[in-house]
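Colleague: Shown below is the structure under consideration.
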């Protein structure tokens, strides 16, 4: 059985039928290791949609082959490729940008025109979904994972009618979330997973999240208690001052 997990990023026009209240949060770069672990479990096991929380770890355990689908895919390669390299460096996962419809392709960056983007969003995120966070949709994504927690496919969906700066923010957040970190929270900072605090690049805390998730001691399918026990030790090793 494959389960699908959705995630969002915000900052553009509101998607009809999805409305939320805004919140505020403080940026704190002096977080304790206990707080970082709490933040990580919220991003890892939570969901931006009510009822889509998970009780097990979801991550890739094999090669990640990413293809761009757009009117002019070459235009976006320089936005996507550097972040994929960054993700490779943080996770050790075999990640490569490939041409569309390449053998082994299992992750897709869709860059759509206005009508396509909102039609696709309404189809995937509209009726029956009850999101928890903001209402200003800029881009979104989803991945599928089996009951063993292995992610087998993913989509990052972005509009073609935003600036290069906004596109870069979407690429960084959506491609990072499809690694198995689907939730956003107004309580986590500094982080790209906080919809109040806008970052174009991964923060030190985001990088730590990825290093912990892709440490070999963290297995796909781990339950929350087992993950927390493993992650606590890994965070202490990576951040002994915490």
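Colleague: If I ask for residues that are modelled with pLDDT of 90 or more and part of a loop (DSSP other than H, G, I, E, B), which ones from the range 141-172 would you list?
Modeller: Result: 148, 149, 160, 161, 162, 163.
Colleague: For residue 68, indicate whether it is buried (at least 19 other Cβ atoms within 10 Å of the Cβ), modelled with pLDDT of 95 or more, farther than 18 Å from residue 141 by Cα and touching a helix residue (DSSP H, G or I) at 6+ places or on another chain (Cβ under 7 Å).
Modeller: Against the criterion (buried (at least 19 other Cβ atoms within 10 Å of the Cβ), modelled with pLDDT of 95 or more, farther than 18 Å from residue 141 by Cα and touching a helix residue (DSSP H, G or I) at 6+ places or on another chain (Cβ under 7 Å)), residue 68 does not qualify.
Colleague: Looking at (1) part of a helix (DSSP H, G or I); (2) surrounded by fewer than 19 Cβ atoms within 10 Å (Cβ to Cβ); (3) more than 15 Å from the chain's Cα centre (by Cα), can you tell me which one residue 88 breaks?
Modeller: Every listed condition holds for residue 88 apart from (3).
Colleague: Is it the case, given these coordinates, that residue 106 is closer than 15 Å to residue 182 by Cα, surrounded by 14 or more Cβ atoms within 10 Å (Cβ to Cβ) and modelled with pLDDT of 95 or more?
Modeller: no
Colleague: Another one. Considering only the range 95-113, how many residues are part of a strand (DSSP E or B) and within 17 Å of the chain's Cα centre (by Cα)?
Modeller: Looking only at that region, the number is 6.
Colleague: Let me ask something else. Quick check on my filter: what residues within the range 191-207 are in a helix (DSSP H, G or I) and out of contact with any helix residue (DSSP H, G or I) (no Cβ under 6 Å at 6 or more places or on another chain)?
Modeller: 204, 205, 206
Colleague: Shifting gears a bit: Can you tell me how many residues in the range 173-190 are within 8 Å of the chain's Cα centre (by Cα) and assigned to a loop (DSSP other than H, G, I, E, B)?
Modeller: So the answer is 6.
Colleague: Among (1) crowded, with 17+ Cβ neighbours inside 10 Å; (2) assigned to a strand (DSSP E or B); (3) modelled with pLDDT of 90 or more, there is one condition residue 138 misses while meeting the rest; what is its number?
Modeller: Here residue 138 meets the rest and fails (3).
Colleague: Another question, if that's okay. For the list (1) touching a residue at least 12 places away in the same chain (Cβ under 8 Å); (2) on the phi < 0 side of the Ramachandran plot, I need the number of the one condition that residue 180 fails.
Modeller: (2)
Colleague: Being modelled with pLDDT under 65 and surrounded by 21 or more Cβ atoms within 10 Å (Cβ to Cβ) is true for just one of 8, 3, 44, 12. Which residue is that?
Modeller: 8
The values are calculated or read from the model by the stated rules, or taken from the named source; none is laboratory data. Here the structure is a predicted model, which is why all the values come from computation and not from measurement. All Cβ positions, even for glycine, are placed from backbone atoms using ideal geometry, and neighbour counts span all protein chains on display.
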